[in-house]
Amino acid sequence: MQHPMDAADSEASMAIKLHQLVIETSSNSSPSNPATDHSQHKCNANEITEQIPLAANPSILLHVLSSYELEPNDLAALEGTCKFFRSPANFEPDAALSLPELAALDTCCQKAMFKSMENEEKEKLKQRCGGSWKLVLGYLLVGEKNYRREKSQVIAGTRHSIIVTTKGDVYSFGANSSGQLGLGNTEDQFNPCLIRSLQGIRITQAAVGSMRTMLVSDTGSVYKFGQDGFGVLESIGTYTSSPKLLESLEGIFVVQASIGGYFTAVLSREGRVYTFSWGCDETERLGHRSDLTDVKPRLLSGPHENAPVVQIAAGNCYLLMLVYQPTGMSVYSLGCGQGGKLGNGSTRSLGTPNLVQYFQTLNVKPLSILAGAFHCAVLALDGRVFTWGWGGWGCLGHNVEYESLPREVLGLKDVKARHLSAGLYTTFVIADNGDVYSFGHGQSLNLGVQQADDDDAEQADARSPKLATWIAALNEQVVQISATNAYDWINEAFRCHTLALAESGRLYSFGEATEGQLGVKLAGGEERRSAPGRVGIDLA
């Protein structure tokens, strides 16, 4: 097997030889009379091919353009500024495409999600993205970033936790009264347990709600376990304790699932959104007013449907969508806007997605969306953070009760954010320098901030961004944070905890620990901890 360094050396050697050959060709063909230089060098295409090896071997250029993680913008700039790269490549698999466009297609074909598509599906996706493979590549890259198909994922549920490894294995721990751990039983677990019934199935993404879990596989299938019903105590009924294939999604290749308080949404690889409720009428079916007995996934239509959705985020009774367009990302919202969660100033809107025009008005480019139980957050391309919705206990970072329109968190004006997590009245921000900030409700000691008196719930709240000093004390580069973002309907109480994944692969947890959701049983009958502690699993 060839070592990666050997391959790199081989490629470098090839490039040097090609460069030398071009120089030698140029030197040997130097005219004796400079005055005749111009006329003597009106070469035809064949002569150029003989003298310039790179032009004679477009496969080498294609390799360079598609193997070194060039962004779609780079390929577009190359094509737009150089006549050579604007010309048809005259090279398979599509001789009519320019080399940058061919390179974009080649890079798309390296992506697992795209590779499994039929040619007809690929062409349809191309048209939905704007008619260019470079735009399709941009869509795929943003999608990978936002639903983490190739990376480990940690999710803090209401009273349980789920871990998806890079290999696609799934571990669970915490409360299990409704089988939400997927282990085939209803016993609480205080240590990470592998869901063995999923062996042979590679899971790429997980969604966690109150007493329920959904998993998405690399083949686009969706598995569910835990409570079947949504909402308040009256809807609590049957449950499944082992992963069960969701047959109602057959024929839909799902890449992301998101669970709200009363509904579920899934995103297909073509960028289409389907919503459904498991027997609750609270959300009026979120965009497709079907009969109450209809619990099948229904396609969400509206002003966004001609462009692919790249990310979804479900809150308690609303849904956010990040829509990919050639001119930049757009944010749409749908559901109940009480508390300003829709981001367009309205208080209630069901049936038709609403464009959150604030970002377009200010020329802010959204990068990713986050939905807490009752508030929303957007990470902009320039690293700014915007929040809106219900602002109880300071979770918006503005120290106001609610915001009906997105508002920049000014307490982070000197911070360039690269990762967000929106929870139940809490928000976390990871800066590009590695610092972690938190704000919101700290009663469960789940903000990662050292307090003078951990028993003082009022003091534990942070109404503006604060440095998460406990996390800073770890001396670890934290790359992912997950905070509980669903309400505990059974106990009607705050049961919040937080998971923090370090670049080293070590996992830390803090907050409520009553039922094992921290991945450890605390000594002395303690029910929560404010300082992050290690979870017994290595995700390196």
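Where a number appears in this text, it was derived from the coordinates with a stated rule and is not lab data. Quick caveat: nothing in here was measured; it's all calculated off a predicted structure. Don't worry about glycine lacking a Cβ; one is built from the backbone with ideal geometry, like all the others, and counts go over all protein chains shown.
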Inset, instruction - Pull up all non-local amide H partners of Q205: gap of 5 or more, or a different chain, and H-to-H distance under 5 Å with H placed in the peptide plane. - result: V216
Inset, instruction - Sticking with the crude label model, points 7 Å out along Cα→Cβ, report the distance from K124 to A96 in nm, one decimal please. - result: 2.1
Legend entry - Note, ³J(HN,Hα) from phi for region 318-324, Karplus 6.51, -1.76, 1.60, rounded to Hz, x at Gly and Pro: 8, 9, 9, 9, 9, 9, 8
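Roughly speaking, what is the stretch gain from I60 to N306, that is 0.36 nm per residue apart minus the C-alpha to C-alpha distance, in nm to one decimal? Before the final figure, lay out the partial values.
On the way: separation 246, 0.36 × 246 = 88.56 nm, distance 3.64 nm.
Length gained, I60 through N306: 84.9 nm.
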Inset, instruction - Could you list which residues have their amide H under 5 Å from that of D188, counting only those 5 or more apart in sequence or on another chain, with H placed in the peptide plane? - result: N176
Inset, instruction - May I ask you to order 443-450, 108-115 by the average number of other C-beta atoms within 10 Å around their residues, highest value first? - result: 443-450, 108-115
Inset, instruction - For an R0 of 51 angstrom, estimate the FRET efficiency from the Cβ-Cβ distance between L522 and A77 and round to the nearest 0.05. - result: 0.40
Inset, instruction - Consider a paramagnetic label point 7 Å from the Cα of K151 along Cα→Cβ; state which residues of region 99-141 have an amide N under 18 Å from it. - result: 111-113, 138-141
Inset, instruction - Calculate one ³J(HN,Hα) per residue across region 116-131 by plugging θ = phi - 60° into the Karplus curve 6.51 cos²θ - 1.76 cosθ + 1.60, and present them in order as whole Hz with x for glycine and proline. - result: 7, 6, 6, 4, 5, 5, 4, 5, 5, 5, 4, 5, 5, 8, x, x
Inset, instruction - Would you kindly derive the ³J(HN,Hα) couplings of region 414-426 from the backbone phi angles with the Karplus curve 6.51 cos²θ - 1.76 cosθ + 1.60 (θ = phi - 60°), listing them in order in whole Hz, with x for Gly and Pro? - result: 9, 10, 9, 7, 10, 7, 10, 9, 10, x, 7, 6, 9
Inset, instruction - Find the relative contact order for region 381-534 and round it to a whole percent, using C-alpha pairs within less than 8 Å whose residues are 6+ positions apart. - result: 19
Legend entry - FRET efficiency, 1/(1 + (r/R0)^6) with R0 35 Å, evaluated for K167 and E401 via beta carbons: 0.20
Inset, instruction - Holding the Cα-Cα limit at 31 Å, pick out from K111/K341; K83/K124; K167/K466 the pairs that are longer than that. - result: K111/K341; K167/K466
Legend entry - Alpha-carbon centroid distance for the pair region 364-417 / region 119-198, whole angstrom: 25
Inset, instruction - Starting from region 340-422, pick out the chymotrypsin sites (Phe, Trp or Tyr not before Pro) whose DSSP state is loop and whose Cβ has at most 13 other Cβ atoms within 10 Å. - result: none
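Once R0 is set to 22 Å, what does the formula 1/(1 + (r/R0)^6) return for the Cβ-Cβ distance between A473 and E503, expressed as a FRET efficiency to the nearest 0.05?
Numbers: r = 16 Å, r/R0 = 0.74.
Rounded to the nearest 0.05, the efficiency is 0.85.
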